[in-house]
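Enquirer: Got a structure for you, written out below as structure tokens; questions coming shortly.
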Amino acid sequence: MCRPSWPPGRGCSGTGQGRKTDPADAHAIVMVALRDKGLREVSANPELTVLRLLCDRRDELSKARAQALNRMHRLFLELVPGGAPVKKSASQYKALLATVRPRDAAGKMRRRMAAEELADIDRIDARLKSMKAELKDAVLATGSTLMEIHGIGPAGAARILADVGDVARFPDRGHFASWTGTAPIDASSGQHIRHRLSRAGNRRLNHVLYMAGFVQLRNDTPGRRYYRRRLADGKTPMEALRCLRRRLSDVVYRQLVQDAAARALREAGPGGHSGASVSSSAADLTPVIGSSDQPLPGPAQPTLLPPADPGNPDRPGTGAHPRRRAGGVNVERPAGRTTLTPTSAAAPLQASRTAS
């Protein structure tokens with residue numbers, strides 16, 4: 001919304017001394033869209049919209065669970081003398097709460113509030129469990145194979161699919177890494193070559209790749225072996241982890257491209273074109289027609305002889321006598337020349353014409 005300006009009519013009308021205004025910005029965007037033919041049109045995919053909604057809801061539930069755990073830990077710091085260790089699950093907090101027997105009114109109220117927080121955590125955990133199964137079914141319904149990558153589960157795969165959309169908008173893996181924030185930024189100076197961490201890009205996908213890297217480090221995976229090779233090359237643990245995250249970005253991009261190619265192949269018909277089917281016919285608009293009703297592939301062969309040529313009386317035509325078809329011709333191929341041996345009564349006449 002434009003701010004009021006003086007004199008009137010110079011703010012929103014775009015006539016104020018060439019300054020930056022909303023109409024000028026809109027005009028510039030329209031001109032770029034008209035001139036650049038390579039821009040991609042924005043299209044809504046219902047499947048990806050559902051995945052995005054589920055991912056956003058799961059993130060909200062995860063944040064609510066983390067907040068409930070923080071409140072639980074704060075209450076236990078006052079219930080247990082000396083504080084309580086940080087617990088990760090609700091069952092651990094339940095076992096610890098069973099050992100607390102406060103006698104004062106404030107302690108009893110804290111214990112009651114802790115019990116209510118535990119009930120909320122159990123409810124959130126049940127909802128997260130059901131949502132995980134729902135996300136898994138939604139990801140598999142799209143035909144994606146991202147969950148085959150070690151460290152990427154249903155939530156991570158759904159987030160990648162929902163945010164990436166059409167992978168064809170990324171020309172190569174370098175553009176994809178820049179978009180995910182895993183491509184380092186050159187910070188070299190003189191002969192000192194160095195790179196620094198990029199804070200740009202999609203931070204949600206960057207977090208997915210970050211968690212996938214940690215999962216691969218906990219197990220005997222190609223990611224852990226790659227991480228150790230980077231350490232052997234002189235990288236610090238943090239730098240090696242960033243290299244691993246970039247490598248995972250390339251793996252995800254390659255998997256997305258393969259899934260897109262496989263999806264296009266499945267949607268293509270028997271002839272390799274999308275929308276074709278076995279019952280369709282290119283000869284008519286009717287799905288199935290008989291062979292006698294189909295048009296001929298080309299013009300029909302003429303059944304009448306061409307008219308006679310006046311300059312060549314020997315050439316047969318409509319006015320000439322029709323020649324009798326020979327019963328057969330035996331072809332002899334000697335080493336010198338080829339001769340025809342007639343096998344019908346009309347052979348002498350043809351031989352005399354050939355000799356003359």
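Every read-out reported here was derived from the displayed coordinates using simple, explicitly stated rules and does not represent laboratory data. Quantities reported herein were computed from a predicted structural model and do not represent experimental measurements. Reconstructed Cβ throughout: ideal geometry from the backbone, glycine too, with neighbour counts over all protein chains shown.
Enquirer: Arranged from highest to lowest average of other beta-carbon atoms within 10 Å per residue, in what order do the peptides 202-215, 148-161, 221-234, 47-60 appear? It would help to have the intermediate numbers written out before the result.
Expert: Details: 202-215: 18.4, 148-161: 22.0, 221-234: 14.1, 47-60: 16.2.
Highest mean packing first, the order is 148-161, 202-215, 47-60, 221-234.
Enquirer: Separate question: Only Cα pairs under 8 Å and at least 6 apart count here; give the relative contact order of the stretch 30-111 as a rounded whole percent. Mind dumping the intermediate values first?
Expert: On the way: 21 pairs, mean separation 16.0, N = 82.
Contact order relative to length: 20 percent.
Enquirer: I would also like to ask the following. Rule-of-thumb check for the stretch 46-141: C-alpha Rg over 2.2 N^0.38 Å? Mind dumping the intermediate values first?
Expert: Details: Rg = 17.0 Å, N = 96, 2.2 N^0.38 = 12.5 Å.
Working it through for the stretch 46-141, the quotient is 1.36.
Enquirer: Just to be sure I follow the rule: in the stretch 46-141, considering lysines 8 or more places apart or on different chains, how many pairs have Cα atoms under 19 Å apart?
Expert: 7
Enquirer: Enumerate the calculated ³J(HN,Hα) couplings along the stretch 129-143 in order (Karplus 6.51 cos²θ - 1.76 cosθ + 1.60, θ = phi - 60°), each rounded to whole Hz, writing x wherever the residue is Gly or Pro.
Expert: Once θ is set to phi - 60°, the couplings for the stretch 129-143 become 5, 5, 5, 4, 5, 5, 5, 4, 5, 5, 5, 5, 5, 7, x Hz.
Enquirer: How far apart, in nm, are two points set 7 Å out from the Cα along the Cα-to-Cβ line at H207 and at A262?
Expert: Rounded to a tenth, the inter-label distance reads 2.9 nm.
Enquirer: Enumerate the amide H contacts of H195 below 5 Å, restricted to partners 5 or more residues apart or on another chain; note that Pro and chain-start residues carry no placed amide H.
Expert: Placed amide hydrogens put A187 under 5 Å from H195.
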